[in-house]
Amino acid sequence: MNTGPTDSSDQDGVAAQSAIPDSPVADYRQYYGLSEDPFRNDPEFAFFGGGGRRALLEQLQHLCQFSASLLAVLGKPGVGKSRVALELANSFQFDDEICLLAAEPGAGAEAVLGQMARHFALSVDENPSVGRLLAALRHFAQVADEEDRLALTIIDDAHHLDEKTLGALISLLQGQDSTGRRLHIVLFADSEMVSRLDQFNMHDVLIHDFELSPFSLEEATDYLNFRMEMADYMGPELFTEEKVEPWWRRAEGRLPRLHEQARRWLLESVSARASSGMPGTRRNALPLVHIVVIAVLLGVLLMVFIYQGDSETAERESTTRLPESRETQTLTLSSNNEASNRTGPEPSAETTQTPTPVTPERAQPELLSPEPSVEERPETPQPDEASEPEEVSAPAAQAETPAEQPPSEESTVAQASSLPDIPEDEQVLLSWRASEYTLQLLGASSRASVDRYIEAQPNREQLLSFETRRQGKPWFVVVTGRYSGTESAREAIRDLPEEQRKAGPWPRVMSDIHEEIKESRGL
């Protein structure tokens, strides 16, 4: 067993990098002013939170502390599971007990459990049995719970574990209540692991599995530019979607292959400059950023030298041109930002005339939006009152705007409730604000199992379900509660029934749920 995270696909990237011939020109890191190689396969390189990585990390952090379920992060080889595993291990407090392992092919239960026991400094025999190792780990988890410390085991490349080892790990989670922190286990494995976990069918151990998807083209482009920035590159972005698109297709989601393509392009860009005899190719020992700074400094010195020759003339020119520049700036601001030029340093005839036509132009759009909603109301008592809003000043109209918001929200709910061919629960969820939150309780591949779960809950009237897609197949999710933010949602977890707390509910923003429902329903 290894104590550090590895990704089996990293070997492809290492072999590919060794196949790149050394270039006689200066190293591209020096040419681009980089402090390190941004595309080396280093698991401790800066963490990129795009592509859903940051959101996944936050979900795992929450479940590791408040859930008694088994967590599994699944994905294709090379998508970055090892990097997420390392970031998860480093995200907890120093006094927490965190064990990060990387499984090797053929590793048995004795090797895996023994490595966990040694990492937690447990006193066991020299060649303990699986039963004694399990007993020692259970006792250790109880002590950590009493001392209010988190005990977490993260196993990377968990698809190498055999069935006996998986069964032993799952048995460590049996009999845990939802109030204790106890021992938590997170597995990082290939996508096929989900079918192996489902075969155990342990009713007292819930399994939360997450899919780590490969980067899209846009995300891959942002990822490459992010790594350049983390290597102290300060120039314009080098990678565009048009340039990255062929690399992205050849990589097939494997980040080491994408690193190889980007690194090769950087080397070729430096080689091309040297072979074409472009100016500066023999001076590229000096970083590009330093060359730019030197050029700017030389330009400033030249300007100072020129202006020293005729300082009196420069002072007279600056004195006479100052009002013109201020007036020009005032006129420019009046065309771009009409509200900011009502007070100017030296108002002219043109600037004092600007607010006169601008004020009604700004007031009219603000008055137009409430008027249709007022006219649409059937409760207009007299015709004379309908014309009064046209004579109301702009501040008064703005004061009335908040009063118009509740009807618009009700109309949104009414529109959602009238959507055809959409279940009532999904219509309710679509009517909520995108910035609000709810608590996700569980997800299942069967509508019948979700319905049975809801029917068995004491707060079934407060539960809602919606359908989405997962790996191209229907996936049904149960949620509860409507909250203004993540903090209020987390505080509401303690008020849920024990079975629901044990499932490890976690806050979800409604914008994501809206997107999933609309995508599933083709809206």
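The values are calculated or read from the model by the stated rules, or taken from the named source; none is laboratory data. Not measured: the values here are computed from a predicted model. Positions of Cβ are backbone-derived with ideal geometry, glycine not excepted, and every protein chain shown enters the neighbour counts. All accessible areas refer to the heavy atoms of the entire protein, side chains included, with ligands and DNA or RNA removed. Shrake-Rupley method; radii C 1.70, N 1.55, O 1.52, S 1.80 Å.
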**Report entry** Residue match in the stretch 144-154 (condition: open to solvent by 20 Å² or more (accessible area, probe 1.4 Å), more than 20 Å from Glu192 (Cβ to Cβ) and of a type in the set (Gly, Ala, Ser))
**Finding:** no
Requested in this report: Inspect all residues belonging to the stretch 265-278 and state whether any of them is open to solvent by 80 Å² or more (accessible area, probe 1.4 Å) and either modelled with pLDDT of 80 or more or among the basic types (Lys, Arg) (or both).
Outcome: yes
Report summary line: By residue number, the members of the stretch 458-475 that are at pLDDT 90 or above and not charged (D, E, K, R) are Pro458, Asn459, Gln462, Leu463, Leu464, Ser465, Phe466
Report summary line: Note on the stretch 471-493: residues buried (at least 16 other Cβ atoms within 10 Å of the Cβ) and hydroxyl-bearing (Ser, Thr, Tyr) are Thr480, Tyr483
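For (1) more than 20 Å from Ala89 (Cβ to Cβ); (2) of a type in the set (A, V, I, L, M); (3) open to solvent by less than 10 Å² (accessible area, probe 1.4 Å); (4) modelled with pLDDT of 90 or more, each residue gets a yes or a no:
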residue: Ala141; (1), (2), (3), (4): no, yes, yes, no
residue: Ala158; (1), (2), (3), (4): no, yes, yes, yes
residue: Leu161; (1), (2), (3), (4): no, yes, yes, yes
residue: Lys164; (1), (2), (3), (4): yes, no, no, yes
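From the residues in the stretch 48-67 that are more than 19 Å from the chain's Cα centre (by Cα) and open to solvent by 10 Å² or more (accessible area, probe 1.4 Å), which one is farthest from Phe92 (Cα to Cα)?
Phe66
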Report summary line: Within the stretch 120-139, the count of residues that are open to solvent by 20 Å² or more (accessible area, probe 1.4 Å) and under 34 Å from the mean Cα position of the chain (by Cα) comes to 0
Query raised in the report: In the stretch 84-99, what count of residues is obtained for those that are closer than 20 Å to Val143 by Cα and either open to solvent by 50 Å² or more (accessible area, probe 1.4 Å) or of a type outside the set (Phe, Trp, Tyr) (or both)?
Result: 7
Query raised in the report: Would you call Leu101 under 22 Å from Ala89 (Cβ atoms) and modelled with pLDDT of 90 or more?
Result: yes
Query raised in the report: Which of the residues that make up the stretch 227-260 are of a type outside the set (Gly, Ala, Ser), outside any helix (DSSP H, G or I) and over 16 Å from Tyr31 (Cα atoms)?
Result: Phe239, Thr240, Glu252, Arg254
Report summary line: Every listed condition ((1) surrounded by 20 or more Cβ atoms within 10 Å (Cβ to Cβ); (2) at pLDDT 90 or above; (3) not hydrophobic (A, V, I, L, M, F, W, C)) holds for Asp190 save (1)
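State yes or no: is Ala117 open to solvent by less than 30 Å² (accessible area, probe 1.4 Å) and out of contact with any strand residue (DSSP E or B) (no Cβ under 9 Å at 6 or more places or on another chain)? So that I can check it myself, show each step before the final result.
On the way: open to solvent by less than 30 Å² (accessible area, probe 1.4 Å): yes; out of contact with any strand residue (DSSP E or B) (no Cβ under 9 Å at 6 or more places or on another chain): yes.
Answer is yes for this residue.
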**Report entry** Residues that are surrounded by fewer than 19 Cβ atoms within 10 Å (Cβ to Cβ) and more than 19 Å from the chain's Cα centre (by Cα), drawn from the stretch 494-522
**Finding:** Arg494, Asp495, Pro497, Glu498, Glu499, Lys518, Glu519, Ser520, Arg521, Gly522
Requested in this report: Scan the stretch 433-470 for residues that are among the hydrophobic types (A, V, I, L, M, F, W, C), farther than 20 Å from Glu498 by Cβ and surrounded by fewer than 18 Cβ atoms within 10 Å (Cβ to Cβ) and jot them down.
Outcome: Ala434, Ala448
Query raised in the report: How many residues, within the stretch 215-237, are in contact (Cβ under 8 Å) with a residue 60 or more places away in the chain, open to solvent by 50 Å² or more (accessible area, probe 1.4 Å) and either of a type in the set (Val, Ile, Thr) or under 30 Å from Gly443 (Cβ atoms) (or both)?
Result: 2
Query raised in the report: Quick one: is Lys81 open to solvent by 20 Å² or more (accessible area, probe 1.4 Å), under 30 Å from Ala220 (Cα atoms), touching a Gly at 6+ places or on another chain (Cβ under 8 Å) and not hydrophobic (A, V, I, L, M, F, W, C)?
Result: no
